[in-house]
Structure formats: C-alpha cells, structure tokens
Amino acid sequence: MPAATQILRDYTRIGASGDYTRIGASGDYTQIGASGDSTQIGASGHYTRINAQGEHSVIACAGKNSTARAGANGVMALPWFDEAAQRTRIAVGYVGEDLKADTWYEVKGGKFVEVAK
C-alpha cells in the first residue's frame, strides 16, 4: 500500500522510500526526499527543497525560492515571480526533455537553472 503523509509546520524533514508514495507539506524551509517510483510530492512552504529520485515522480511546489530534483521521466512545477507583470507564475519542466535526471533546479526568470547542492 502506498504511503501518504501530510505535514504542516516549518523546518520539517520528510523521507520516504516506497513506490507510489504521496507527500504533502506546507511549512517554510521544508526538506522532502523520496526514492520510490511514481512518487507525488506537493509543498507550499517558501525555500522548500524537494528530492524525488524515483522514475515518473511528480513534484509541485507553491513556495517561493524553492529547489527540486526528479528522477528519470519526472516532472516538476515551481513558482517564480514575474517582475514585469508583478505576479507569480509557474514553470513546468520535464526530465528527459528540458531537464536532466537527478539534477537540482531552481527557477530564475521563468527558466529552470541548475543549482549546486
């Protein structure tokens, strides 16, 4: 049975290692790690760090200044602030198309940029 976890506090650290795991977190500075295939992770805290190393993982983050990395065939959605329009936007990237597997990314100016972690 897949694991499902939801955490609602700052500076939380979460680790999971089963296939089809679902994790939700909303605290600032949260760190989430998961290694199972088809993992689904959602986070809303600022400065969140998400690491989903399994294949076909889905990452969605609503917090500003967040970083993420996904495994093969994964997808990630991270927010960024569009200064010109004065609004928050979402950048979506796909591992194997415009992103590399197991590589940390953040979004700058609407583009995914590699981050040394």
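The values are calculated or read from the model by the stated rules, or taken from the named source; none is laboratory data. The structure displayed is predicted, hence computed values, not measured ones. Here the Cβ positions follow ideal geometry from the backbone for every residue, glycine too, while neighbour counts run over all protein chains shown. Only protein heavy atoms, including side chains, enter the accessible area calculation; ligands, DNA and RNA are left aside. Shrake-Rupley method; radii C 1.70, N 1.55, O 1.52, S 1.80 Å.
A few remarks follow.
- Annotation: for a label point projected 7 angstrom from Cα along Cα→Cβ of Val58, residues of the stretch 81-117 with backbone N closer than 14 Å are 93.
- Solvent-accessible heavy-atom area per residue, rounded to whole Å², over the stretch 40-110 at 1.4 Å: 49 Å²
- The stretch 66-108 - percent of accessible surface contributed by carbon and sulfur, probe 1.4 Å: 45 percent
- Cα→Cβ-extended label distance, 7 Å offset, between Ala72 and Arg89, nm: 3.3 nm
- Most to least packed among 96-105, 66-75 [average Cβ atoms within 10 Å]: 66-75, 96-105
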